[in-house]
Amino acid sequence: GIVIFAGNAYMQLPITTDYSAAKMFLANVDTKIVPTQGTAIGEAIEMCAGAFKDETHSRAIIVITDGENHEDDALGAAKDATEKGVIVYTVGMGLPEGAPIPEYNKFNQMVGYKKDRSGSTVVTKLNESMLQQIASAGKGVYVRANNTQSGLKTILEEINKLEKTKFE
């Protein structure tokens, strides 16, 4: 399944074995699909953990974020997930020293950087400490990624170590 989150979390694709549909959806993920800004990591974890209906299989959540959590209790959500038998992995995107957030026009051309209400450039910083704590609370692993693929490769290797169960 795929949950997109910012100030709120939104279920975008239910849990499925249709991998081509999931890949196609991920290729089209865009920041414009979330109406509320911010970062609600805890809500995203809760929504993902609640999406697992079958408790007989190994279950894992991968959170890909900069780790700046402004909205809720992400550590508590990760601990709650482990109580349901769900492992929480985190992939950190961005730089600890921070970087401006690029803005794109409808033609996908960069037109500048996101500004706050006072006109200052918004800088997002990778919060590795928070992501390490979430992964620890979720009995998972934290990986820092230069791009999504490099982080996911390490996480998927960890997930492949989980107990396998056949299902239709």
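Using a 1.4 Å probe on the protein heavy atoms, what percent of the accessible area of the range 49-104 belongs to carbon and sulfur?
50 percent
Can you order the peptides 101-107, 154-160, 139-145 by their average number of other Cβ atoms within 10 Å per residue, highest first?
By packing density, highest mean first, the sequence is 139-145, 154-160, 101-107.
Explain nothing, just compute: Karplus ³J(HN,Hα) = 6.51 cos²θ - 1.76 cosθ + 1.60, θ = phi - 60°, for every residue of the range 85-99 in order, whole Hz, x for Gly and Pro.
Calculated HN-Hα couplings, in order: x, 9, 8, 10, 9, 10, 10, x, 10, x, 10, x, 7, x, 7 Hz.
List the residues whose amide H sits under 5 Å from the amide H of Val63, counting only those 5 or more places along or on another chain, with H placed 1.01 Å from N in the peptide plane.
Distant-sequence amide H within range of Val63: Tyr89, Thr90, Val91.
List the residues, sorted by chain then number, that are 5 or more residues from Lys139 or on another chain and whose placed amide H is less than 5 Å from its amide H.
Here Val88 satisfy the definition.
Give me the extension gain from Asn108 to Leu156: residue separation times 0.36 nm, minus the current Cα-Cα distance, reported in nm with one decimal. Can you show the working numbers first?
Values: separation 48, 0.36 × 48 = 17.28 nm, distance 2.98 nm.
Full extension from Asn108 to Leu156 adds 14.3 nm.
Taking amide H atoms as placed 1.01 Å from N in the peptide plane, list the residues 5 or more away in sequence, or in a different chain, whose amide H sits under 5 Å from that of Tyr113.
When sequence neighbours closer than 5 places are left aside, the close amide H contacts are Glu103.
Considering only protein heavy atoms, what per residue accessible area in square angstrom results for the range 46-154 with a 1.4 angstrom probe? Walk me through the numbers before you get to the answer.
On the way: 6440 Å² over 109 residues.
Each residue of the range 46-154 exposes 59 Å² on average to a 1.4 Å probe.
When all protein chains stay in place, what accessible area (Å², nearest 10, 1.4 Å probe) is found for Met130?
Here the residue's solvent-accessible area equals roughly 50 Å².
The values are calculated or read from the model by the stated rules, or taken from the named source; none is laboratory data. Since the structure is predicted, the reported quantities are computational estimates derived from the model, not experimental observations. In this analysis, Cβ positions are derived from the backbone assuming ideal geometry, glycine residues included, and neighbour counts consider all displayed protein chains. The protein model used for the area step is the full one, side chains on, heavy atoms only, and it has no ligands, DNA or RNA in it. Shrake-Rupley method; radii C 1.70, N 1.55, O 1.52, S 1.80 Å.
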